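Novice: After the structure tokens below, expect a handful of questions from me.
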Amino acid sequence: MPTTEPMAALELSPTLPRHVAIIMDGNGRWAEQRGKFRVSGHKAGVKSVRAAVSFAHQLKLDALTLFAFSSENWRRPEDEVSALMSLFIAVLGSEVKKLHRNNIRLQVIGERSGFSAHLQRKIADAEVLTAANTGLTLNIAANYGGRWDIVQACRQAAVQVLNGERAVSEITEDSLNTLMNMSDLSPVDLLIRTGGEQRISNFLLWQLAYAELHFTNVLWPDFDDTAFSEAIAAFVGRERRFGCTGEQIRALLKT
């Protein structure tokens, strides 16, 4: 069967990832281990967010995507959800100007209608302020689910068909991809999950199709430049095949 992408077009050299995504897991356990309320772990995790963004910026990555709040997280205790929303608003207020000064573009991906009108305005203002920045793109996934992302793209495609803008036969992987979140960015190369769990938890199901996965036992508030460096080093040491054989990849790298 022919491949959908010619081998020559694949970027197979052992280079740094262009787009890194992180599931920031372990805040609650970090707090519980210290006899503190879970929200203390979330507050401590903000420090690691700053460090990860700074590290990605220094490496000149194209994009960093952080899983801040999933669509399933609404099931958590009401006081924890409320604290998370307050923390989100506070961090937007304190960090956006710093991002802007460093030429970082901020995007929030997810279903925003679930947030308060105040938080939605904060998000919109932050995105407008940083929209023209040309450095790192920082994506915050909030009230996000990978299945939701695919469904919303399919709904858009269905509307296009109903409006006569597109034939059913014209719905392809490429055309559907343009309707997904982050379609303007390079695909995710590396997914990191902290906290010891080894699953992707409905995160970026479409965008992770060919991503390398790295799981670490480090809890998110303890995730620092050393842990990030280890994940990058593991990525660089892997052979990315994209459906080809190892022999094909090695031959291509020699050309």
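The values are calculated or read from the model by the stated rules, or taken from the named source; none is laboratory data. None of these values were measured; they are calculated from a predicted model. Neighbour counts are summed over all protein chains in view; Cβ atoms, including those assigned to glycine, are modelled from backbone coordinates with ideal geometry. Accessible surface is based on the protein model in full, side chains and every heavy atom, while ligands, DNA and RNA are left aside. Shrake-Rupley method; radii C 1.70, N 1.55, O 1.52, S 1.80 Å.
Novice: Looking at the chain as a GNM with Cα springs under 10 Å, which of Leu119, Leu66, Leu191 has the largest mean-square fluctuation?
Specialist: Result: Leu119 has the largest fluctuation of those listed.
Novice: Pick out, from Ile104, Val168, Ala153, the residue whose Cα sits farthest towards the positive end of the charge dipole of the chain, with +1 on the Cβ of Lys and Arg and -1 on the Cβ of Asp and Glu.
Specialist: Checked the options; the winner is Ile104.
Novice: Could you size up the charge dipole of the chain around its Cα centre, putting +1 on the beta carbon of Lys and Arg and -1 on that of Asp and Glu, and report it in debye to the nearest 20?
Specialist: It comes to approximately 640 debye.
Novice: Whole number in Å², please: accessible area per residue of the chain, 1.4 Å probe, ligands, DNA and RNA not counted.
Specialist: Accessible area per residue, the chain: 54 Å².
Novice: Sticking with this structure for a sec: Name the longest site-free stretch of the chain, where the excluded sites are chymotrypsin sites (Phe, Trp or Tyr not before Pro) in a DSSP loop with no more than 15 other beta-carbon atoms within 10 Å.
Specialist: Details: sites that count: Phe37, Tyr210, Phe242.
Excluding the exposed sites themselves, the longest stretch runs over 38-209.
Novice: With every protein chain kept in the model, how would you rank Asp174, Asp62 by accessible area, 1.4 Å probe, largest at the top? Before the final figure, lay out each step's value.
Specialist: On the way: Asp174 125, Asp62 75 Å².
So, going from the largest accessible area down, we get Asp174, Asp62.
Novice: So how far, in whole Å, is the C-alpha centre of the stretch 96-156 from the one of the stretch 182-236?
Specialist: Taking the Cα centre of the stretch 182-236 as reference, the centre of the stretch 96-156 is 19 Å away.
Novice: Let me ask something else. Report relative contact order for the stretch 20-71 in percent, whole number only (criteria: Cα-Cα under 8 Å, sequence separation at least 6).
Specialist: Relative CO of the stretch 20-71 lands at 48 percent.
Novice: Considering the values [x] 18.7; [y] 18.0; [z] 19.6, which represents Kirkwood radius over Cα pairs in Å as calculated for the structure under consideration?
Specialist: The value computed from this structure is option [z].
Novice: Taking only complete DSSP H runs, can you tell me which helices of the chain stretch 18 Å or more along their own long axis by Cα positions and average at least -1.0 on the Kyte-Doolittle scale?
Specialist: Answer set is 38-58, 78-101, 117-130, 146-162.
Novice: Could I ask something else about it? Relative contact order for the stretch 16-115 using alpha-carbon pairs under 8 Å, separation at least 6, rounded to a whole percent?
Specialist: Values: 62 pairs, mean separation 28.6, N = 100.
Normalised by residue count, the contact order of the stretch 16-115 is 29 percent.
Novice: How far is it, in nm, from the label point at Arg29 to the one at Asn103 when both lie 7 Å from their Cα along the line to the Cβ?
Specialist: Going by the 7 Å Cα→Cβ label model, 3.9 nm.
Novice: Step through the table entries Lys36/Lys97; Lys43/Lys98; Lys36/Lys122, compare each Cα-Cα distance with 24 Å, and write down the pairs that go over it.
Specialist: Those over the limit are Lys36/Lys97; Lys36/Lys122.
Novice: Let me ask something else. Under 16 Å from the 7 Å Cα→Cβ point of Arg75, by amide nitrogen: which residues of the stretch 120-150?
Specialist: From the stretch 120-150, the list is 143-148.
Novice: Let me ask something else. Rank these by accessible area, largest first, 1.4 Å probe: Ile22, Ile200.
Specialist: Working: Ile22 0, Ile200 55 Å².
Order by accessible area, largest first: Ile200, Ile22.
Novice: Within the accessible area of the chain, what % is carbon and sulfur when the probe is 1.4 Å and the other protein chains stay in place?
Specialist: 53
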